[in-house]
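Enquirer: Below is the structure I would like to discuss, written out as structure tokens.
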Amino acid sequence: MKIILANPRGFCAGVNMAIASLETALQQFGTPLYVYHEIVHNRPVVERFRNQGVVFVESIDEIPVGATVLYSAHGVSPVIRTLSSERQLRAIDATCPLVTKVHKEAVRYAKEGYTIILVGHEGHDEVIGTMGEAPEHMILVQDIHDVAKLTLPADSKLAYLTQTTLSVDETEGIIDALKQKYPQIVGPAKADICYATQNRQEAVKELAGICDVVLVLGSQNSSNSNRLAEIAKVMGKPAYLIDRVQELSLDWFQPNDTVLITAGASAPEENVQACVEFLRDRFQADVEQRTIREEHVSFPLPVELRVLIR
């Protein structure tokens, strides 16, 4: 067996920042410490912090007055910030800066009188937060069929934004459909799909063709991890999305397979390496690293933490 490890893979700069923020908050404030939504969409990461006393909540009302809350990497709406203030919470904002960028674009377009078409997945934490910036100005579309159903006047003042963790190809198709239907629609200067999402997808597209099986480390509720598995399947490759090595099945492999292993932007590298060791032990697999693109991006801790650790 041969294992090809895709680079880049795993934690992006936004996830690194969010996890470092929670670790630092634990050191500074101890427990109980509350996080609004999952810190990132990865079950092993969430379980690790829960075991350390972190409490993940789906409503600000669940947090005691005056406690400390950390906002997840996916961002929150202004309503959540207001509710936190009303409960006198110490709020730490670990929103990924690339998500914050989309929020700011939504506010700007709304102030300029645009109706905003948001391309994203209904119910995703990032989409909920973004739509909360200008709910009266925003319409969600999930695919080209939703675009076809739009009944806005032909001369509407329109802009589009995108969820950062979608597939490049999927988003391009929806945006093309929007432009065909509404040629006057405008969008941000740069695509809102984050660099990490795009880079991980490019690596799968380039490497899956020479492999027999694709393993994606990531959770079922991780949008970008699901996209990696979908890309491999579209290329005709069996692809499996798993959190941990314990979920591997020997039935997925033949002794002489070439196996591509990658990881979503919120999946820990330790879980990748556990899968590598499993396949080494069972199939005497050789391992090769393949780098498609270098990444040198980092984000600072939230200002609420930086002022405490100067």
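Enquirer: Report, ordered by the first and then the second residue, all pairs with beta carbons closer than 9 Å, sequence separation of six or more or different chains, a first member in the range 149-173 that is touching a residue at least 60 places away in the same chain (Cβ under 8 Å) and surrounded by 16 or more Cβ atoms within 10 Å (Cβ to Cβ), and a second member that is assigned to a loop (DSSP other than H, G, I, E, B) and β-branched (V, I, T).
Expert: Pairs found: T162/I193; Q163/I193; T164/I193; T165/I193; L166/I193; S167/I193.
Enquirer: Give the range 201-226 a look and list any residue that's crowded, with 17+ Cβ neighbours inside 10 Å and among the aliphatic types (A, V, I, L, M), or say none.
Expert: A203, V204, L207, A208, V213, V214, L215, V216, L217
Enquirer: Can you find even one residue in the range 220-242 that is free of Cβ contacts under 8 Å to residues at least 24 places away in the same chain, within 24 Å of V147 (Cα to Cα) and over 18 Å from the mean Cα position of the chain (by Cα)?
Expert: Within the range 220-242, one or more residues are free of Cβ contacts under 8 Å to residues at least 24 places away in the same chain, within 24 Å of V147 (Cα to Cα) and over 18 Å from the mean Cα position of the chain (by Cα).
Enquirer: Now a separate question. Please work out which one of (1) surrounded by fewer than 23 Cβ atoms within 10 Å (Cβ to Cβ); (2) more than 23 Å from V127 (Cβ to Cβ) is the condition Q198 fails and give its number.
Expert: Every condition holds for Q198 apart from (2).
Enquirer: Any idea which residue in the range 99-124 is surrounded by the most Cβ atoms within 10 Å (Cβ to Cβ), counting only those that are more than 20 Å from V186 (Cβ to Cβ) and out of contact with any Leu (no Cβ under 8 Å at 6 or more places or on another chain)?
Expert: Across the range 99-124, the extreme among qualifying residues is V99.
Enquirer: May I pose another question? Exactly one condition in (1) touching a helix residue (DSSP H, G or I) at 6+ places or on another chain (Cβ under 7 Å); (2) buried (at least 19 other Cβ atoms within 10 Å of the Cβ); (3) modelled with pLDDT of 95 or more is false for V127; which is it?
Expert: (1)
So that you can scan it fast, the table gives a plain yes or no per residue for (1) surrounded by 20 or more Cβ atoms within 10 Å (Cβ to Cβ); (2) of a type outside the set (A, V, I, L, M, F, W, C):
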residue	(1), (2)
F11	yes, no
E47	no, yes
N51	no, yes
V57	no, no
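Enquirer: Follow-up question, since we're still on this one. Working only within the range 272-310, note down all residues that are under 30 Å from V69 (Cβ atoms), of a type in the set (V, I, T) and surrounded by 11 or more Cβ atoms within 10 Å (Cβ to Cβ).
Expert: Answer for the range 272-310, where residues must be under 30 Å from V69 (Cβ atoms), of a type in the set (V, I, T) and surrounded by 11 or more Cβ atoms within 10 Å (Cβ to Cβ): just V297.
The rows are residues; the columns are (1) free of Cβ contacts under 8 Å to residues at least 24 places away in the same chain; (2) among the hydroxyl-bearing types (S, T, Y); (3) under 18 Å from F299 (Cβ atoms); (4) assigned by TED's automatic domain parsing to the domain that holds I128.
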| position | (1), (2), (3), (4) |
| --- | --- |
| S21 | no, yes, yes, no |
| Q28 | no, no, no, no |
| H37 | no, no, no, no |
| V54 | no, no, no, no |
| E58 | yes, no, no, no |
| Y71 | no, yes, yes, no |
| S77 | no, yes, no, no |
| A106 | no, no, no, yes |
| K111 | yes, no, no, yes |
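The values are calculated or read from the model by the stated rules, or taken from the named source; none is laboratory data. Fair warning: this is a prediction, and the values are worked out from it, not measured in the lab. Glycine also receives a Cβ, built like all others from the backbone with ideal geometry; neighbour counts cover every protein chain displayed.
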